[in-house]
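Some notes on the structure that comes next.
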Amino acid sequence: MPKRVLKGLVVSDKLDKTITVLVSRKVMHPVYKKYIKRSKKYSAHDEKNKFKTGELVTIQENKPISKTKKWVVIGK
C-alpha cells in the first residue's frame, strides 16, 4: 500500500527535529453543495532542522517516530 503524501505550510519550527505542518483541503458540504475549507495540523520529522516557518513542504506518512510524529518531510 502506498504511503500518503501531503503538501502544507510550516506553521511552527520551535521543537528540535520537528515541524508543525498545516494541511488545507476543500470539501463539498453534503446539503448546501458549497466548498468548505478544512485544515489539520501534522507533526513531521525534520532531521536537520532545515525548514522554517512560512515555507511550503511535502510530507510523507511513515512509521511512528514518537507519540505524535507519524510523518516525515521529503522536500519542498
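The values are calculated or read from the model by the stated rules, or taken from the named source; none is laboratory data. Bear in mind the structure is a predicted one, so any value in this text is a computation, not a measurement. Using ideal geometry, Cβ is built from the backbone for each residue, glycine included, and neighbour counts are taken over all protein chains shown. Note: accessible area is taken over every heavy atom of the protein model, side chains too, but ligands, DNA and RNA are not part of it. Shrake-Rupley method; radii C 1.70, N 1.55, O 1.52, S 1.80 Å.
General observations
- Among the residues of segment 40-54, the one identified as over 14 Å from Thr18 (Cα atoms) and not small (Gly, Ala, Ser) is Lys40.
- The listed residue being open to solvent by 50 Å² or more (accessible area, probe 1.4 Å), among the basic types (Lys, Arg) and either touching a strand residue (DSSP E or B) at 6+ places or on another chain (Cβ under 6 Å) or not in a strand (DSSP E or B) (or both), out of Lys63, Lys69: Lys63
- Selection within segment 33-60 - within 10 Å of the chain's Cα centre (by Cα), open to solvent by 70 Å² or more (accessible area, probe 1.4 Å) and closer than 15 Å to Asp13 by Cα: Lys41, Leu56
- Residue list for segment 1-46, restricted to those being of a type in the set (Phe, Trp, Tyr) and more than 13 Å from Val73 (Cβ to Cβ): Tyr32, Tyr35
- Segment 23-66, residues that are within 20 Å of Lys3 (Cβ to Cβ) and either in contact with a helix residue (DSSP H, G or I) (Cβ under 9 Å, 6 or more places away or on another chain) or charged (D, E, K, R) (or both): Arg25, Lys40, Lys41, Asp46, Glu47, Glu61, Lys63
- Of the residues making up segment 30-53, just one is among the polar types (S, T, N, Q) and touching a residue at least 40 places away in the same chain (Cβ under 8 Å), namely Thr53.
- Number of the exception - Leu22 against (1) exposed (fewer than 15 other Cβ atoms within 10 Å of the Cβ); (2) not in a strand (DSSP E or B): (2)
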